[in-house]
Amino acid sequence: MNEKELRQALVHLPLQEVRFLPRVGSTNDIARELINQGGQGISLVYAEEQTAGRGRAGRQWLSQKGASLVFSLAIHSELVVPKPVSLISGLGAISVCFALEGLGMTPRVKWPNDILLAGRKVCGILQENLWQGDDLVGVALGFGLNLSSGSVPPAEQLDFPATSLEQASGSRVGEMELLKSILGAFLAPACGGSTIGILQAMEARLAYMGEWVEVWVAGETRILGQVRGLSEDGSLMLHSAEGAKIAVPFGEIHLRPVV
Ligand code: BTN
């Protein structure tokens, strides 16, 4: 894909600006710059290659030219609708799900916002909120999708099993088609983009529903429970072995199935 093709393919979408970068450290950094420059609406930062891609919890995010789809959205604050603001990444997650479902796949959301195919991670989302004092200035929302095996790190470098769209579906997925479809779903959300709409769409695709999981909050507290769904504020609802209801709020958490 080149810059002209990208702009032409996305011309019908309500994007303020489209940045095409052959190589960049992190698309989230450019999205943050766009937000800090002011302006309105939602802009796209697309890169063919990232040299310093980052994931959640300070992890590295590997992306290989031709094997990954990496992009960020610079979302100015007047558009950040769902409350809490962390649900913006939920909207991102279900937009990816809608796009993959359109290709005949069955994605699941590993709460809060990883996308799984057949139990393996195929997409990660990084939400970075920009504040000025107590005021939200905007959100840099970065998406990393593994298109083919070249973007999947070796197993020993992974803290959760990963796959690519090609490995999971058996066929090569068109990068442009996928990007268009994710952006279309995000910008005109089928779920309405409301807090309740996002939560219902996420819950309908929640991984490990009814299964036992372990959750670590802030790297420390380990919680064991059976997944029951999402609460009105987007917390993950678990039931302990004693039947107690546990709400795990959105945040820096690690979730693993109990095997
Ligand atoms: C995660 O699962 O840990 C989140 C991964 C997010 C990776 C994407 S790739 C595009 C954007 N730029 C980055 O540096 N990170 C995000």
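The values are calculated or read from the model by the stated rules, or taken from the named source; none is laboratory data. If you're wondering where the values come from, they're calculated on a predicted model, not measured in any experiment. Here the Cβ positions follow ideal geometry from the backbone for every residue, glycine too, while neighbour counts run over all protein chains shown. All accessible areas refer to the heavy atoms of the entire protein, side chains included, with ligands and DNA or RNA removed. Shrake-Rupley method; radii C 1.70, N 1.55, O 1.52, S 1.80 Å.
Remarks
- Of all the options Ser181, Ser194, Ser86, the one that moves most in a Gaussian network model of the chain with Cα springs shorter than 10 angstrom is Ser194.
- Bins of 10 Å from zero: percent of alpha-carbon pairs in the range 1-120: 12, 37, 43, 8, 0
- FRET efficiency for the pair Ala204 and Arg23, taken as 1/(1 + (r/R0)^6) with r the Cβ-Cβ distance and R0 = 35 Å, rounds to 0.40.
- GluC sites (Glu not before Pro) restricted to the range 1-84 and DSSP loop, no more than 14 other C-beta within 10 Å: Glu17
- Dipole of the range 212-257, positive direction: furthest Cα of Gly234, Ile253, Val213, with charges on the beta-carbon: Val213
- Cα convex hull of the range 212-257, projected area averaged across orientations, nm²: 2.9 nm²
- Given the chain, longest segment not containing exposed loop trypsin sites (Lys or Arg not before Pro) (DSSP; at most 16 other Cβ within 10 Å): 66-171
- Alpha carbon Rg of the range 31-97, scaled by the compact-globule rule 2.2 N^0.38 Å: 1.22
- Since only Ile115, Pro154, Ala74 are under comparison, the one whose Cα sits farthest along the positive direction of the charge dipole of the chain, derived from C-beta charges on Lys, Arg, Asp and Glu, is Pro154.
- Ordered by solvent-accessible area of protein heavy atoms (1.4 Å probe), largest first, the residues Thr51, Thr27 come out as Thr51, Thr27.
- Here the chain is treated with +1 on each Lys and Arg Cβ and -1 on each Asp and Glu Cβ, and its dipole about the Cα centre works out to around 400 debye.
- Heavy-atom accessible surface of the range 212-257, averaged per residue, reaches 53 Å², computed with a 1.4 Å probe.
- Relative contact order, whole percent, for the range 165-259 stands at 20, derived from Cα pairs under 8 Å and 6 or more residues apart.
- Accessible surface, per residue, of the range 3-204 when the full set of protein chains is kept, probe 1.4 Å, Å²: 42 Å²
- Here the 3J(HN,Hα) profile of the range 54-70, calculated from phi with Karplus coefficients 6.51, -1.76 and 1.60 at θ = phi - 60°, is 10, x, 6, 6, x, 6, 7, 10, 6, 9, 10, 4, x, 10, 10, 10, 10 Hz, Gly and Pro shown as x.
- For the chain, the relative contact order works out to 16 percent when only alpha carbon pairs closer than 8 Å and six or more residues apart are counted.
- Selected from Leu116, Leu158, Leu141 as most flexible by GNM, with the chain as the system and alpha-carbon contacts under 10 Å: Leu158
- Loop-resident GluC sites (Glu not before Pro) (DSSP state other than H, G, I, E or B) in the range 203-259 with no more than 13 further Cβ atoms inside 10 Å of their Cβ: Glu211, Glu220, Glu232, Glu242, Glu252.
- Separation of alpha-carbon centers, the range 76-150 and the range 191-206, rounded to whole Å: 12 Å
- Measuring nothing but protein heavy atoms, the accessible surface of the range 134-234 at 1.4 Å probe radius is 48 percent carbon and sulfur.
- The accessible area of Phe143, taken with all protein chains in place and a 1.4 Å probe, comes to roughly 10 Å².
- Nearest-ten-degree value, helix 27-36 long axis tilted from longest Cα axis of the chain: 80 degrees
- Amide H to amide H, with H built 1.01 Å from N, Glu49 comes under 5 Å of Arg23, Val24, counting only residues 5 or more places away or on other chains.
- Spread of Cα-to-Cα distances over 10 Å intervals beginning at zero, given as percent, for the range 122-241: 11, 27, 39, 22, 2
- Over the range 177-259, volume per residue of the alpha carbon convex hull, in Å³: 116 Å³
- Subtracting the Cα-Cα distance of Asp159 and Val81 from 0.36 nm times their residue separation leaves 24.8 nm of extension gain.
- The chain: Rg to Rh, with Rh as the Kirkwood radius over Cα pairs: 0.95
- Projecting the Cα positions of Leu141, Ser63, Trp131 onto the charge dipole of the chain (unit charges on Cβ atoms of Lys, Arg, Asp and Glu, taken about the Cα centre) puts Ser63 furthest along the positive direction.
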